[in-house]
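Q: I have a structure I would like to understand better, so I am pasting it below and will then ask my questions one at a time.
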Amino acid sequence: MIFNDEDQWKVEVYGTAEELHIESVTLDDAKHIVPTAIIGYTARTQEEVVLHDALGNGMFERNKYTKNKEQKSVLCLPIIHQNKLIRLLYMENNMSKGVFTEERLYVLKLLSSQCAISITNAKLYLSVQYLKNNLEEQVEECTRTLEKLMRATSEALSEMTV
């Protein structure tokens, strides 16, 4: 899974069937993890890339990553919500050609649209939480200031009546 963090693409989750890594790696530092040419193309065009035979496909067959990993099937899917690219889903298979069929792609698109909604909702929730906490701090500060003013006013009035 790849995301855009302040105009810089980062790989945030990557792995194999045996292991999973959750860390933020810039695309420049992730050349051994993902094919940056395919990622860059999908990010620029917001079009999916499906390679049924990665080594025999003219567009990316000379890609160093593709050759080194001996990829057979590749998928790079833009995850878009409200016409905004929010993530990229990259998947590869080194064992079989034609893994990403139309049916599988359809299911992945459905899942990615739900993923986009969930990511957006999570960001909105975090934003609301931040604003709520900030507002609570401001209310507490205003309350303390008002209490000080009330004490000072009360003291001033008590001195005037004496």
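Q: Please find, within region 10-23, the residue that is farthest from Asn83 (Cα to Cα) out of those that are exposed (fewer than 13 other Cβ atoms within 10 Å of the Cβ) and not acidic (Asp, Glu).
A: Filtering region 10-23 for residues that are exposed (fewer than 13 other Cβ atoms within 10 Å of the Cβ) and not acidic (Asp, Glu), the one farthest from Asn83 (Cα to Cα) comes out as Ala17.
Q: What number of residues within region 54-83 are surrounded by fewer than 17 Cβ atoms within 10 Å (Cβ to Cβ) and part of a strand (DSSP E or B)?
A: 1
Q: Additional query: Determine the pairs where a residue that is of a type in the set (Gly, Ala, Ser), located within region 18-34, has a partner that is surrounded by 12 or more Cβ atoms within 10 Å (Cβ to Cβ) with Cβ atoms under 7 Å apart, the partner being 6 or more residues away or on another chain.
A: Note: pairs meeting the criteria are Ser24/Lys10; Ser24/Glu12; Ala30/Val11.
Q: I want to confirm something. Restricting to region 87-145 and keeping residues that are under 16 Å from the mean Cα position of the chain (by Cα) and aromatic (Phe, Trp, Tyr), which single residue is surrounded by the most Cβ atoms within 10 Å (Cβ to Cβ)?
A: Tyr90
Each reported figure results from applying straightforward, stated rules to the coordinates on display, with no laboratory input. Owing to the predicted nature of the structure, the values given are computational and were not obtained by experimental measurement. When we count neighbours, we look across all protein chains shown, and the Cβ atoms used for this are built from the backbone with ideal geometry, even at glycine.
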